[in-house]
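Novice: Quick one: the structure is below, questions incoming.
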Amino acid sequence: MKLLLFDIDGTLIRTAGAGKVSMERSFEDVFGIGNGFHNIHMMGRTDPSILMEALSSHHLGWDEEKADRFRETYFSILKNEIQIPRPGKRVCPGVRPLLRLLDKRSDIILGLLTGNWQQSAMIKLGYFKIDHYFTMGAFADDSSDRNELVPIAIERLKKEQKIQIQKQNVYVIGDTPLDIHCAKPYGVRTMAVATGFHSFQDLASEKPDYLFHNFKQPEEVLRIFS
Ligand SMILES: [Mg+2]
């Protein structure tokens, strides 16, 4: 059995700003501050860690009740924003055929490992109608620290699907150096794809086990799991 854990933004899909705009608008709604995420790096991080940094950059403390309100507001704004046409909004090249092929394999489990909350992950993937491929995952709801998500996903598979997986059969697939960093310490395999904002060269310098420009040749990816 093999477990494939996919990142979402830049790896499976591009929301072309719908995610960021929704975060900004929710921040303004709840905290009364426009452009709240200015100068804050979002790529490869969990949404709560981005929120925490934004709050501290505006000298605001963490407030559980407001954080809940932010999350709920974000989900409802995102549901609308994701519908709006935006240049570059798409499923990443080759991802649809790749998922179709992987889905046919009875020895492969498709999961998510993402800095999104579970609900926003499903809003994004649901919009593109690729949410049904993923039977499990580890999300920002599980930990605000992306580096903790790999063991959470492995444990969840054991608990919910009664499958004990060897770490060399776990593949973490993402578009940023942080996707590679969060996986390497656990001895799982890393696969990077340059369909996000990071170049092929940037990702190569992180030495992932596998590296692709994109997934336009899904059979090349399938070969890894033969
Ligand atoms: Mg990403």
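Novice: Between Pro93, Pro85, which is within 30 Å of Gln168 (Cβ to Cβ) and not in a helix (DSSP H, G or I)?
Specialist: Numbers: Pro85 fails: within 30 Å of Gln168 (Cβ to Cβ).
On inspection, the qualifying residue turns out to be Pro93.
Novice: May I pose another question? Out of curiosity, is Thr176 free of Cβ contacts under 8 Å to residues at least 60 places away in the same chain, under 16 Å from the mean Cα position of the chain (by Cα) and either away from the ligand (no atom under 16 Å from the Cβ) or under 27 Å from Gly94 (Cβ atoms) (or both)? Before you say what the answer is, go through the steps one by one.
Specialist: Numbers: free of Cβ contacts under 8 Å to residues at least 60 places away in the same chain: no; under 16 Å from the mean Cα position of the chain (by Cα): yes; either away from the ligand (no atom under 16 Å from the Cβ) or under 27 Å from Gly94 (Cβ atoms) (or both): yes.
So Thr176 does not fit the description; no.
Novice: So which of Thr73, Thr46 is of a type in the set (Val, Ile, Thr), in contact with a Gly (Cβ under 8 Å, 6 or more places away or on another chain) and not assigned by TED's automatic domain parsing to the domain that holds Pro177? Don't jump to the end; show me each part of the working.
Specialist: Values: Thr73 fails: in contact with a Gly (Cβ under 8 Å, 6 or more places away or on another chain).
Every option except Thr46 fails the conditions.
Novice: Among Gly137, Gly115, which is the only one that is within 14 Å of the chain's Cα centre (by Cα), among the small types (Gly, Ala, Ser) and either in a strand (DSSP E or B) or away from the ligand (no atom under 13 Å from the Cβ) (or both)?
Specialist: Gly137
Here is a yes/no grid of residues against (1) away from the ligand (no atom under 12 Å from the Cβ); (2) farther than 19 Å from Arg146 by Cα; (3) among the small types (Gly, Ala, Ser):
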residue: Leu12; (1), (2), (3): no, no, no
residue: Ser22; (1), (2), (3): yes, yes, yes
residue: Val30; (1), (2), (3): yes, yes, no
residue: Asn39; (1), (2), (3): yes, yes, no
residue: Asp63; (1), (2), (3): yes, yes, no
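Novice: So which of Glu155, Glu148 ends up being more than 15 Å from the chain's Cα centre (by Cα) and away from the ligand (no atom under 16 Å from the Cβ)? Walk me through how you get there before you give the answer.
Specialist: Values: Glu148 fails: more than 15 Å from the chain's Cα centre (by Cα).
Matching residue, one of Glu155, Glu148: Glu155.
Novice: Only one of (1) surrounded by fewer than 17 Cβ atoms within 10 Å (Cβ to Cβ); (2) charged (D, E, K, R); (3) part of a loop (DSSP other than H, G, I, E, B) is not met by Glu148, so which one is it?
Specialist: (3)
Novice: Filter the stretch 212-223 for residues that are surrounded by 14 or more Cβ atoms within 10 Å (Cβ to Cβ) and part of a helix (DSSP H, G or I) and give the result.
Specialist: Hits for the stretch 212-223 are Pro218, Val221, Leu222.
Novice: Test Met23 against the criterion of being out of contact with any Lys or Arg (no Cβ under 8 Å at 6 or more places or on another chain), hydrophobic (A, V, I, L, M, F, W, C) and under 25 Å from Ile154 (Cα atoms), and give yes or no.
Specialist: No: the conditions fail for Met23.
Matching residues to (1) basic (Lys, Arg); (2) in a loop (DSSP other than H, G, I, E, B); (3) touching a strand residue (DSSP E or B) at 6+ places or on another chain (Cβ under 9 Å); (4) crowded, with 19+ Cβ neighbours inside 10 Å:
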| site | (1), (2), (3), (4) |
| --- | --- |
| Met23 | no, no, no, yes |
| Asn35 | no, yes, no, no |
| His38 | no, yes, no, no |
| Pro48 | no, no, no, yes |
| Asp68 | no, no, no, no |
| Arg71 | yes, no, no, yes |
| Lys79 | yes, no, no, no |
| Leu102 | no, no, yes, yes |
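The values are calculated or read from the model by the stated rules, or taken from the named source; none is laboratory data. Just so we're clear, the structure is a prediction, and the values are computed from it rather than from any experiment. Don't worry about glycine lacking a Cβ; one is built from the backbone with ideal geometry, like all the others, and counts go over all protein chains shown.
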